[in-house]
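One structure is given here, and the rest of the page talks about it.
The values are calculated or read from the model by the stated rules, or taken from the named source; none is laboratory data. Since we're looking at a predicted model, the values are computed, not measured. Glycine gets a Cβ as well: all are built from the backbone with ideal geometry, and neighbour counts include every protein chain shown. In case anyone asks, the SASA skips ligands and DNA or RNA and just uses the protein heavy atoms, side chains included. Shrake-Rupley method; radii C 1.70, N 1.55, O 1.52, S 1.80 Å.
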Amino acid sequence: MNLWEYVIIAVVLLIVLAAVLRATKKDAHIDLNKLVEYLGGKDNIIHTETNLSRFKVTLKDVSLANKEAIQKLGARGIVEIDNQLKIILGPESKQLKKYIDDLK
């Protein structure tokens, strides 16, 4: 192979990488919308906190939360205590808190 073939391959790989990253960002935004929906909607959310990879949310009515659907979105674990859910999300927890704060 000559130099031009390597350059062409590198350019194609960069284009594919850019497309994948752009698609991932859009999917993350959609997941945040779904997660808010699965928590019973923005009006059901009273307070949010984050601690490292955990997202803690206080809800008006915890029975409106769809914990199974939240798990399917990628939560690694959910603990329910009274009207609070502690959801292990990983690094997305801070992004989710900011997203919910911006909705209110």
### Task
For the chain, state what percent of all Cα-Cα pairs lands in each successive 10 Å bin, counting from 0 Å until the bin that includes the largest distance.
14, 41, 19, 11, 9, 5, 1
### Message
For the chain, take the longest principal axis of its alpha carbons; what is the angle in degrees between that and the long axis of helix 3-38, to the nearest 10 within 0 to 90?
### Response
10
## Note on the structure
Between the modelled labels at ARG76 and GLU5 (7 Å from Cα along Cα→Cβ) the distance in nm is 4.4
### Query
Leaving out ligands, DNA and RNA but keeping every protein chain, what accessible area does ASP82 have, in Å² rounded to the nearest 10, with a 1.4 Å probe?
130
### Query
For LYS42 and ASP102 in one chain, what is 0.36 nm times their gap in residues minus the Cα-Cα distance, to one decimal in nm?
20.5 nm
### Summary
Averaged per residue, the 1.4 Å probe accessible area of the chain, protein heavy atoms only, in Å², is roughly 70
